[in-house]
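Asker: Got a structure here, written out as structure tokens. Questions coming.
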Amino acid sequence: MKLIYCTHSLCNPGGMERVLVNKVTYLVEKLHWDVSIVTTDQKGRPVFYPLPAEVRMTDLGINYSDDNSKHPVGKIIGYLLLMREKADIVVSLYPSESSFIPEIKDGSKKVLELHYCKFFRLQYGRGGLLGLIDRWRTKQDERIVSRFDQFIVLTKEDKGYWGDLPNIEVIPNAAKFIGNTYSDASKHRVIAVGRMDYQKGFDRLICAWELIQQHEQFKNWHLDIFGQGEWKGMLQQMIDDRGLGASVALNAPTKSIGREYADSAMLVMSSNYEGFPMVMIEAMASGLPVVSFDFKCGPKDIIDNNVNGILVHNGDIKRLADAMMRLMGDEELRRSMSVQARRVVDTYSEETVMTRWVELFESLVEK
């Protein structure tokens, strides 16, 4: 089987990048398939997560994120590349390259993976002309996804938002145990992981932490946020202005995040939206109970409320703080939820998820 994955870039330490590398590694090392990756915005930067040596990478240099004038040239190069490669399956990870991939008549089946929820363009709640553009682009998304042979979303919740599309299917991301040891939930440390931007909502987490630090019994707890992004300066300013520097730290991304999970007692997710929170299932696989807003999409599919984590109404910062304090103040509850959290791999094991992908690819080629 010959596959080509098309994506923005692989230089960032994000969940989507980790998922793609995990899939490609499985297909190459276990099934010995011919897999290559085409990027649009790599810009010569090294990949963050290592790929098998057999995987070829090609960057089209379109650079959508720069909004430059090379888009037409890059699309032509992409067209010629796919015509030359003659893959069995071409997979787009959305959104930029998905606009032209279905037009390329290279004989391959076209698959679209959506790593966001349907409403990701609307999460900012912008008004005026920008809001109209967001709503128009969301409507256009429905037309784009219908042009693919198969459209994959990550949660049952998100599938429901798309309506009765004949080509839609749910395949979640896989949960992998990425460390050497499990958390026993005893450490007085809370962890959060992700890009420091609007999506991850760490500003909301810092506001919740400020409420928690008003309670003397939690003064010996520490919050570590791992990530990078355009909000880092603003988040650090929030920490400084609130006098939280002794109990909150912003840390650079690490390739040993499994070790950090093991040294923590819980994960907190304060996101405004997700497609399927990879950090959540990785942390749970490492034994971390999760306190999370019930944002779109993912938490309601993954968390069994009050069993392996706690769900809080999206945006309710006080209740987020209360849920965190409930776990922070009860080590027995944390240990119980830790045991339950590790069972996430029963539902989202790599073998289970990748078997579904292989069956999908093989059925498309047979057609």
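The values are calculated or read from the model by the stated rules, or taken from the named source; none is laboratory data. On a predicted model such as this, the values are computed, not experimentally measured, just so you know. Here Cβ is always computed from backbone atoms with ideal geometry, including for glycine, and neighbour counts include all displayed protein chains. Ligands, DNA and RNA are excluded from the accessible area calculation, which covers all protein heavy atoms including side chains. Shrake-Rupley method; radii C 1.70, N 1.55, O 1.52, S 1.80 Å.
Asker: Accessible area per residue for the chain in Å², computed with a 1.4 Å probe and the full protein assembly in place, what is it?
Answerer: Value returned for the chain: 43 Å² of accessible area per residue.
Asker: Also: Along its three principal axes, how long is segment 225-367 when you only count alpha carbons? Whole Å, largest extent first please.
Answerer: Taking max minus min along each principal axis of the Cα atoms, segment 225-367 gives 61, 37, 29 Å.
Asker: Further, regarding this structure: To the nearest 20 Debye, how big is the dipole of the chain about its Cα centre, given +1 on the beta carbon of each Lys and Arg and -1 on that of each Asp and Glu?
Answerer: With Lys and Arg at +1 and Asp and Glu at -1, about 480 debye.
Asker: Using a 1.4 angstrom probe on the protein heavy atoms only, line up K23, K200 by accessible area, largest first.
Answerer: K200, K23
Asker: Leaving ligands, DNA and RNA out of it, rank R326, R356 by accessible area with a 1.4 Å probe, largest first.
Answerer: Largest accessible area first, the residues go R326, R356.
Asker: For the pairs K2/K300; K156/K367; K139/K300, flag any whose C-alpha to C-alpha distance is greater than 28 Å.
Answerer: Violating the 28 Å limit, Cα to Cα: K2/K300.
Asker: Continuing with this model, one more query. Residue by residue, what Karplus-based ³J(HN,Hα) values in Hz, rounded to whole numbers, does segment 7-17 have, using 6.51, -1.76 and 1.60 with θ = phi - 60° and x for Gly and Pro?
Answerer: Each residue's phi maps through the Karplus curve to give 8, 5, 6, 10, 8, 9, x, x, x, 5, 5 Hz.
Asker: State which stretch of the chain is the longest one without any exposed GluC sites (Glu not before Pro), exposure meaning a DSSP loop state and at most 16 other Cβ atoms within 10 Å.
Answerer: 55-229
Asker: Let me ask something else about it. Would you mind telling me the share, in percent, of accessible area of the chain contributed by carbon and sulfur at probe 1.4 angstrom?
Answerer: Accessible surface attributable to carbon and sulfur in the chain totals 49 percent.
Asker: Between R126 and K255, take the C-beta separation as r, use R0 = 25 Å, and let me know the FRET efficiency to the nearest 0.05.
Answerer: Using R0 = 25 Å, I get an efficiency of 0.10.
Asker: Over what distance in Å are the Cα centres of segment 1-40 and segment 121-199 separated?
Answerer: Cα centroid of segment 1-40 versus Cα centroid of segment 121-199: 19 Å apart.
Asker: Determine which aspartates and glutamates satisfy two conditions relative to K23: a Cα distance under 12 Å, and not lying fewer than 8 residues away in the same chain.
Answerer: By straight Cα distance, K23 reaches E350, E351.
Asker: Then there is this: Rg to Rh ratio, segment 139-227, alpha-carbon atoms and Kirkwood radius?
Answerer: Dividing the radius of gyration by the Kirkwood radius yields 1.15.
Asker: Over all Cα pairs of the chain, how is the pair count split among 20 Å bins, expressed in % and running from 0 up to the last occupied bin?
Answerer: Result, from short to long distances: 28, 57, 15, 0 percent.
Asker: Still on this structure, please answer the following. Using the alpha-carbon atoms, what tilt in degrees (0 to 90, nearest 10) does helix 317-328 show relative to the longest principal axis of the chain?
Answerer: With rounding to tens, the tilt is 70 degrees.
Asker: Can you figure out the FRET efficiency of R356 with H313, using R₀ = 25 Å and their beta-carbon distance, to the nearest 0.05?
Answerer: Numbers: r = 32 Å, r/R0 = 1.28.
Efficiency computed from Cβ-Cβ geometry: 0.20.
Asker: Taking Cα atoms, how many degrees apart are the long axis of helix 71-85 and the longest axis of the chain, rounded to 10 and kept between 0 and 90?
Answerer: 70
Asker: Compute the angle between helix 202-212 and the longest alpha-carbon principal axis of the chain, please, reported from 0 to 90 degrees and rounded to the nearest 10.
Answerer: Taking Cα atoms only, the helix is inclined about 10 degrees.
Asker: Only sites in a loop by DSSP and with at most 16 other Cβ atoms within 10 Å count here; which trypsin sites (Lys or Arg not before Pro) in segment 231-283 make the cut?
Answerer: R242, K255
Asker: Still on this structure: Quick one: what does P(r) look like for segment 115-173 with 10 Å bins over all Cα pairs, in whole %?
Answerer: Reading the bins upward from 0: 22, 50, 24, 4.
Asker: Next question, about the same structure. May I ask you to compute the full-extension gain from K2 to L80, defined as 0.36 nm times their residue separation minus their alpha-carbon distance, rounded to one decimal in nm?
Answerer: Gain on extension, K2 to L80, equals 26.4 nm.
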